[in-house]
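Here is the structure we will look at, set down as structure tokens.
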Amino acid sequence: MIPQPWKKDTESFQLNEDRETDNWPEASGQLLRLMMSRVNTVLLGKSDVVAKTFAALLAGGHVLLEDVPGVGKTMLARAISRVMGGEFRRIQFTADMLPADVVGGLVWDGKRGELVFRQGPLMANMVLADEINRTPPRTQSALLEAMEERSITADGETMRLPSPFMLLATQNPLRDDGTYPLPEAQLDRFLMRLSIGYPEAEYEIQMLENSPPRLAPEQLRPVIIPEEWLRMQRDAQSVHVHPALLAYAVHIAGATRRAPELALGASPRASRDWVRAAQATAYMEGRRFVLPDDLKQTAEAVLAHRFVLKDEVRMNGVSAQSVLGRIIGEVPIPAPNQESGRRR
């Protein structure tokens, strides 16, 4: 368990240049709230998961949805793609898929009498990689370049992916037969791992009664266009992070690398992703500055899936989440200096 959020002087982490710039214009917040509210009409009672998914995508990252079948993983991905207004494609991973089925490749065009490049399903703004752990490592690795460099290489030619490019992947954590666990290099490229979970009884009853009538994801209207989402991503990445909070994030990451329970801790990419997730969380709340609670709220979703427990620790029932909770509880809360919060 992650310790409860701490209370801290909010002004200590604000910008000191101009108090009028501490909040974003209301228009961006209204668009974000409208997008999330429309998604929440499709996926009932999961507003926290929806908000975290938006934060991860706003931070420029990808999301791994790990949960049992039937809880709405695919529905969530389709709903988000609809309200963002971009192109959506789905890849249903199977054991016999090849890398060319993902990135595309050269095919013979009988009419033109030549080989032409056929685009793969990655050429979209949002891609759903359904049951990603059902396909062999060779095919999984076809996603590595796309997730990090936003490009693909096929038949010796490198092509840029559409912008924005966002990947939502799903996997079932319960069954091992016929699955291929994602390697550490791929897990590290997912900014967040989230679990939707079963709905509470009242929401499950609403689903059975269909009252009020639920919309299918395809019935949702777009709220923005991809160019507006890119602007929001740029704004989110410009949110101010106090040097004390940057040092805190690095301290936590370093502690995970030295933790006796872990064979592998947080990478520098994990530290970067954690800060970006905190910036996105602050942006979604209308702030131009990050608070400690923004880091606290996103820590588990961003960091825990990147850890590798030592064999003897895992056999004793210790979880990555409990190790992270212990570390966060032991690292001192940052005490910022007002002067160090000024922009140079």
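The values are calculated or read from the model by the stated rules, or taken from the named source; none is laboratory data. None of these values were measured; they are calculated from a predicted model. Don't worry about glycine lacking a Cβ; one is built from the backbone with ideal geometry, like all the others, and counts go over all protein chains shown.
Structure summary
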{"read-out": "Pair list, Cβ < 7 Å and 6+ apart or interchain, from the stretch 140-158 residues that are more than 10 Å from Gln186 (Cα to Cα) to residues that are loosely packed, with under 14 Cβ neighbours inside 10 Å and charged (D, E, K, R)", "value": "Arg150/Arg160; Ser151/Arg160"}
{"read-out": "Any hit, the stretch 234-242, residues being part of a strand (DSSP E or B) and either under 19 Å from Gly86 (Cβ atoms) or in contact with a Phe, Trp or Tyr (Cβ under 9 Å, 6 or more places away or on another chain) (or both)", "value": "yes"}
{"read-out": "Neighbours by Cβ (under 6 Å, 6+ apart or cross-chain): first from the stretch 97-111, touching a residue at least 40 places away in the same chain (Cβ under 8 Å); second buried (at least 16 other Cβ atoms within 10 Å of the Cβ) and assigned to a helix (DSSP H, G or I)", "value": "Met97/Thr139; Pro99/Thr139; Pro99/Ala142; Val102/Ala142; Val103/Ala142"}
{"read-out": "Selection count where residues are free of Cβ contacts under 8 Å to residues at least 60 places away in the same chain and among the polar types (S, T, N, Q), scope the stretch 159-191", "value": "2"}
{"read-out": "Subset of the stretch 19-43 that is surrounded by fewer than 12 Cβ atoms within 10 Å (Cβ to Cβ) and either aliphatic (A, V, I, L, M) or part of a loop (DSSP other than H, G, I, E, B) (or both) - its residue that is modelled with the highest pLDDT", "value": "Ala27"}
{"read-out": "Residue, nearest to Leu65 (Cα to Cα), within the stretch 154-166, restricted to residues that are in contact with a helix residue (DSSP H, G or I) (Cβ under 6 Å, 6 or more places away or on another chain) and assigned to a strand (DSSP E or B)", "value": "Met166"}
{"read-out": "Test: Pro226 is modelled with pLDDT of 90 or more and either of a type outside the set (Val, Ile, Thr) or surrounded by 12 or more Cβ atoms within 10 Å (Cβ to Cβ) (or both)", "value": "yes"}
{"read-out": "Test: Thr158 is surrounded by fewer than 16 Cβ atoms within 10 Å (Cβ to Cβ), more than 17 Å from the chain's Cα centre (by Cα) and polar (S, T, N, Q)", "value": "yes"}
{"read-out": "Selected residue (criterion: surrounded by the most Cβ atoms within 10 Å (Cβ to Cβ)) from residues of the stretch 187-208 that are part of a loop (DSSP other than H, G, I, E, B) and in contact with a Leu (Cβ under 8 Å, 6 or more places away or on another chain)", "value": "Phe190"}
{"read-out": "Condition broken by Ala259, with the remaining ones in (1) touching a residue at least 40 places away in the same chain (Cβ under 8 Å); (2) within 15 Å of the chain's Cα centre (by Cα) satisfied", "value": "(2)"}
{"read-out": "Any hit, the stretch 295-309, residues being polar (S, T, N, Q) and in a helix (DSSP H, G or I)", "value": "yes"}
{"read-out": "When residues of the stretch 76-129 are limited to those that are touching a Gly at 6+ places or on another chain (Cβ under 6 Å) and closer than 18 Å to Thr158 by Cβ, the one surrounded by the fewest Cβ atoms within 10 Å (Cβ to Cβ)", "value": "Arg118"}
{"read-out": "Set Thr281, Thr179: member being more than 23 Å from Ala79 (Cα to Cα) and not small (Gly, Ala, Ser)", "value": "Thr179"}
{"read-out": "Within the stretch 274-305, considering residues that are over 19 Å from Val49 (Cα atoms) and of a type in the set (D, E, K, R), the one surrounded by the fewest Cβ atoms within 10 Å (Cβ to Cβ)", "value": "Arg288"}
{"read-out": "Failed item in (1) more than 22 Å from Arg189 (Cα to Cα); (2) among the acidic types (Asp, Glu); (3) in contact (Cβ under 8 Å) with a residue 24 or more places away in the chain, with Glu300 passing the rest", "value": "(1)"}
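To keep it simple, each residue is scored yes or no on (1) under 25 Å from Gly70 (Cβ atoms); (2) surrounded by fewer than 12 Cβ atoms within 10 Å (Cβ to Cβ).
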site: Ala169; (1), (2): yes, no
site: Ala185; (1), (2): no, no
site: Asn210; (1), (2): yes, yes
site: His240; (1), (2): no, no
site: Leu245; (1), (2): no, no
